[in-house]
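The values are calculated or read from the model by the stated rules, or taken from the named source; none is laboratory data. Small disclaimer: the values here were computed from a predicted structure and weren't measured. Keep in mind that these areas ignore ligands, DNA and RNA; they rest on the heavy atoms of the full protein, side chains included. Shrake-Rupley method; radii C 1.70, N 1.55, O 1.52, S 1.80 Å.
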Amino acid sequence: PIEDNGRELASLLEQLLTHASVPVTELAIVAHGMGGLVARAAVHLARQQATWHWPRQLRQLVFLGTPHHGQGPQAVPRRMASLLQDEPAMPASDLLRRLASLRSAGLQDLQRGAVAGAKAPDPIPLPEGIACYTVAGSLSRRRHALLERTLGDGVVPVASALGQHADPRRSLVFAREAQHVASRTHHLHLPRSTEVARRII
């Protein structure tokens, strides 16, 4: 589950800053895809733990193609089709095992954009006091509502990556200047894009 991964990341960041060879005064996290949900979970959980201090050093959170509101219902069928196409000679037992893994707790969280367990508020807002930025990829050459909603970056719809939701109460509030849509950019290319790197800088 995303929550478990977030707790582990929070613990690792605490260890990292505690044992750093020089004092860490500022921390920035750049997260791709599911990593953005894990980072949000880590901050949320760490702020509930008085023993974890690293969020005090966290200044910026940058999300690249993070499915804040999920990947949409088309994501799992696409993943299944890709699996069947890429490995047609796979033994039936291996195929069934890997298809079953598509419904793991982590992927179910990913499809819904869930950050924490059922007891947490839904949605968990962006953390206060931290500058948050988001980048969405789009396979389209220009802004096109239908393509952004159905294709997005090939994995994540643009609206989900920008934190937008049909229900305004569920939308994440990113400042307008803290949002960017990278056209002609696939989800896997977001971390390697020079355009995105310039935008982050």
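Surface analysis of the range 1-60 yields an accessible area of 55 Å² per residue, using protein heavy atoms and a 1.4 Å probe. Taking each residue as 0.36 nm, the span from Gln60 to Glu177 lengthens on full extension beyond its C-alpha to C-alpha distance by 40.7 nm.
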